[in-house]
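First comes the structure, then the notes that go with it.
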Amino acid sequence: MKVAAIQMVSAPSVQANLDAAHALMAGAARDGAELAVLPEYFCLMGERDGDKVAAREAFGGGRVQDFLAATARELGLWVVGGTLPLQAGDDQHVRNSSLAFTPQGECVARYDKIHLFRFDNGRERYDEARVIEAGAAPRAFDLTARDGTQWRIGMSVCYDLRFPELYRQLHADVLLMPSAFTYVTGEAHWELLLRARAVENLAYVVAPAQGGTHPTGRRTWGHSMIVDPWGVVLAQRPEEGGGIVTATLDHARIAQVRAQLPALEHRVL
């Protein structure tokens, strides 16, 4: 199964972001991808935290959700919309949600980001809890590829990457990690953590990212990549800017590494 990790440099304009996402997904479809995964905040990198609240949608329908469903149908792709803001329990917060759509445009999975990022190095300060309400449950879904192969797809978002216990619960063949890593944390830890999660779970990792300097001045690390179950980086986009990273996943490769090193069977704790 060929998959695409889509890198973007999203802006405060939802429509401009949707147009960019459509063009990139169309390119992935032309390249033969069956699954296209967008980055975190693909539809909105706002000027202030409150922009997410203003753009929130009720789960089940809305401008961004309708776009994802229609694009999946149009292109015949499985589409995972990195994250978009969905309504939370009050009017001051949103859920940072990742949604999976079939090629028929049906939403079959929703994951609300569990771990909320907070960072302060004296120059940059982030605290997602100011406007984001944390999710509570892991989420995975089953995908049938065009050749009939069954894949178990585990969902996560960005800061989740630092919490390996989440991925143990997913029991997945493929781990999705749409992200918007800061330049500072990405330079230090992005590839290290992605390869570690692949090796620990003997699973593929698909990690689309925001990458570049956004109109707000925020700089994200990018380097979208796809990693195999042995920790080998199959494809990577090293430069800043929007683009597509693709790789072909092989279920036999998972079986091979899990047979030669059955670490998942050796777990004690």
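The values are calculated or read from the model by the stated rules, or taken from the named source; none is laboratory data. The model shown is predicted, which means the values in this text are computed figures rather than measured ones. Cβ sites come from the backbone with ideal geometry, for glycine too, and all protein chains shown count toward neighbours.
Observations
- Qualifying residue in segment 95-112 (condition: surrounded by 13 or more Cβ atoms within 10 Å (Cβ to Cβ), free of Cβ contacts under 8 Å to residues at least 24 places away in the same chain, out of contact with any Gly (no Cβ under 8 Å at 6 or more places or on another chain) and not in a loop (DSSP other than H, G, I, E, B)): no
- Meets criteria (of a type outside the set (K, R) and closer than 30 Å to R123 by Cα) for H251: no
- Looking only at segment 213-235, and only at residues there that are over 20 Å from L192 (Cα atoms) and not charged (D, E, K, R), the one that is surrounded by the fewest Cβ atoms within 10 Å (Cβ to Cβ): G217
- Exclusive hit being in contact (Cβ under 8 Å) with a residue 24 or more places away in the chain and not in a helix (DSSP H, G or I), set L194, L116, L166: L116
- Number of the condition not met by W78 [criteria: (1) over 23 Å from A198 (Cβ atoms); (2) aromatic (F, W, Y); (3) surrounded by 21 or more Cβ atoms within 10 Å (Cβ to Cβ)]: (1)
- When the test is whether a residue is modelled with pLDDT of 95 or more, over 22 Å from N17 (Cα atoms) and not in a helix (DSSP H, G or I), R123 does not pass it.
- Condition met for R110 (at pLDDT below 95 and in contact with a strand residue (DSSP E or B) (Cβ under 8 Å, 6 or more places away or on another chain)): no
- Of the numbered criteria (1) in a loop (DSSP other than H, G, I, E, B); (2) in contact with a Cys (Cβ under 6 Å, 6 or more places away or on another chain), the one V64 fails is (1).
- Qualifying positions in segment 228-269 - within 26 Å of M45 (Cα to Cα) and β-branched (V, I, T): I244, V245, T246
- When F42, F59 are checked against the criterion of being closer than 16 Å to V245 by Cβ and outside any helix (DSSP H, G or I), a single residue qualifies: F42.
- Top-ranked residue in segment 236-253 [being part of a strand (DSSP E or B) and in contact (Cβ under 8 Å) with a residue 60 or more places away in the chain; ranked as surrounded by the most Cβ atoms within 10 Å (Cβ to Cβ)]: V245
- Within segment 152-201, the only residue that satisfies the criterion of being touching a Ser or Thr at 6+ places or on another chain (Cβ under 8 Å) and on the phi > 0 side of the Ramachandran plot is C158.
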